[in-house]
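Since the structure comes first, as structure tokens, the remarks are kept for the end.
Nothing in this text is a laboratory measurement; each read-out follows from the coordinates by a stated rule. Just so it is clear, the structure is predicted and the values come from calculations on it, not from any experiment. We place every Cβ from the backbone using ideal geometry, glycine too, and count neighbours over all the protein chains shown.
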Amino acid sequence: MSESGHELTSSGYVQHHLGFLQVCQTEKGTEWGPAACKGNFSTVNLDSIGFSVGLGLIFLILFRRAAKKATSGIPGKWQAFCEIMIEFADNSVKDIFHGNNPLIAPLALTIFVWIILMNTMDIIPVDLLPWLAAGVGVEHLRAVPTADPNITFGLSISVFLLIIFYSIKIKGPVGFFKELAFKPFGPWMMPFNLILEGVSLIAKPVSLALRLFGNLYAGELLFILIALLLNTGGFGAIGGGIAQLAWSIFHLLVIPLQAFIFMMLTIVYLSMAHEDH
């Protein structure tokens, strides 16, 4: 465990692994690294963006390939897998969404598969990718995009904008305002209604983002702490190996579960946005 040739303490090891590949603009020009970019509003986490975009492209390429090579006969394993995923997302939408919008099922499939891919990066050994990055001169690298609140809030705010868009489109500006101002206590309690409904509306993207971020950040942090045990040698390494195996198995449940929750809540929120009564 070293950084720039110096031995890292346990706390330094954790902090190093929680550091992003960041770039920002300062008075000195373009700066790199968490230390230089701390508190800078122009900071961009290049690793989070790179991994999330890359995994999204992998999803698009692989599913497009399956669609182009689809056959009506006996499907191959990959085609069968894609059909299972598509049918799962489609059935989830049919069970919950009561409107008529061809966008919702593709959106649900995209959210579910994309978040699963991003979450799965947490299974990769925590030292592997940072070690490879250090070999090419990159000091910090985090491989789990959903452990970055910027990514999870980007996803949730996108869903939130769709909620607002369809709420206004289906109900009209006046209808949407009435929904916020006249419920649940009628027009005479409009200020109180606006506070309650406004908080409820804002809580949707916040809860979506923080739930996904919190679970994946905690999972990543625990993997880092387990890696500390593995690096101690002796009985600590044996205990760390057992903990690594146990947590990895448990995390295989967390990865699809968090994607499923995000997808289902997205469908529920968009279904509520399409209700015009």
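Brief remarks on what is shown
- Total charge dipole magnitude, the chain, about the Cα centre, Cβ charges on Lys, Arg, Asp, Glu only, Debye to nearest 20: 720
- Between 0 and 90°, nearest 10: helix 77-96 axis offset from the chain longest Cα axis: 40
- Ranked Thr152, Thr9, Thr110, Thr43, criterion: other C-beta atoms within 10 Å, fewest first: Thr9, Thr110, Thr43, Thr152
- Helix content alone sets the calculated 222 nm mean residue ellipticity of the chain: runs of n ≥ 4 DSSP H residues at -39500 (n - 2.57) each, divided across all residues, give -24500 deg cm²/dmol.
- D_trans [Stokes-Einstein, Kirkwood Rh over alpha-carbon pairs] for the chain, 20 °C, 1.002 mPa s, µm² s⁻¹: 100
- Bins of 10 Å from zero: percent of alpha-carbon pairs in region 152-238: 16, 28, 22, 13, 10, 8, 4, 0
- Sum of side-chain charges, Lys77 neighbourhood, beta-carbon under 15 Å (Lys, Arg +1; Asp, Glu -1): +1
- Residue order, fewest to most beta carbons within 10 Å, for Phe185, Phe63: Phe185, Phe63
- Dipole orientation for region 46-273: of the candidates Gly99, Leu210, Trp78, Gly99 has the Cα lying most toward the positive pole (charges on Cβ; Lys, Arg +1; Asp, Glu -1).
- Spatially near lysine pairs across the chain, Cα under 15 Å, sequence gap of 8 or more or different chains: 5
- Nearest-ten-degree value, helix 104-120 long axis tilted from longest Cα axis of the chain: 20
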